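S.K.: Dropping the structure in here first, questions after.
The values are calculated or read from the model by the stated rules, or taken from the named source; none is laboratory data. Being a predicted model, the structure only gives us computed values, none of them experimental. Here the Cβ positions follow ideal geometry from the backbone for every residue, glycine too, while neighbour counts run over all protein chains shown.
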Amino acid sequence: MFDLTPRPWMTKAACAKEENEYMRDTWHEASENTAVGLRQIKELEAICATCPVLAECRDLADIAEMSKTGKWRENIHGIYGGETVSKRRARREKAA
């Protein structure tokens, strides 16, 4: 199981200062298929675009989604490192 212990860099995250109900795990990929969901994604991406620890957050999502067998599992929802689940998937496929 992935260790969810807060990392020191998280206090520097742009989202740490936000009161947005759609941050991280509260937001689900299904929202990408609705107008409201797309608006929320844009809002969250704008927050992430200003983040000084964007790379660390993206790495955290990658670590969380890598199984012990070396295969990707998309088990965390929400925006991490400025990416939705589907954007993370597309990035990994492009890199493969």
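S.K.: Tally up the residues in the range 62-96 that are on the phi > 0 side of the Ramachandran plot and either at pLDDT below 85 or part of a strand (DSSP E or B) (or both), please. Let's see the steps before the verdict.
M.R.: As a first pass, look at the range 62-96 and keep what is on the phi > 0 side of the Ramachandran plot: 70, 78, 81-82.
Going one step further and asking which of them are either at pLDDT below 85 or part of a strand (DSSP E or B) (or both), we end up with 70, 78.
So the answer is 2.
S.K.: Do you know which of the residues in the range 21-56 that are assigned to a loop (DSSP other than H, G, I, E, B), surrounded by fewer than 15 Cβ atoms within 10 Å (Cβ to Cβ) and modelled with pLDDT under 85 is farthest from the chain's Cα centre (by Cα)?
M.R.: Here the residue is 34.
S.K.: Next question. Under 8 Å between Cβ atoms, which residue pairs at least 6 apart in sequence (or on different chains) link something in the range 35-57 that is free of Cβ contacts under 8 Å to residues at least 60 places away in the same chain with a partner that is among the polar types (S, T, N, Q)?
M.R.: 37/31; 38/31; 40/31; 41/31; 41/84; 43/20; 44/20; 47/20
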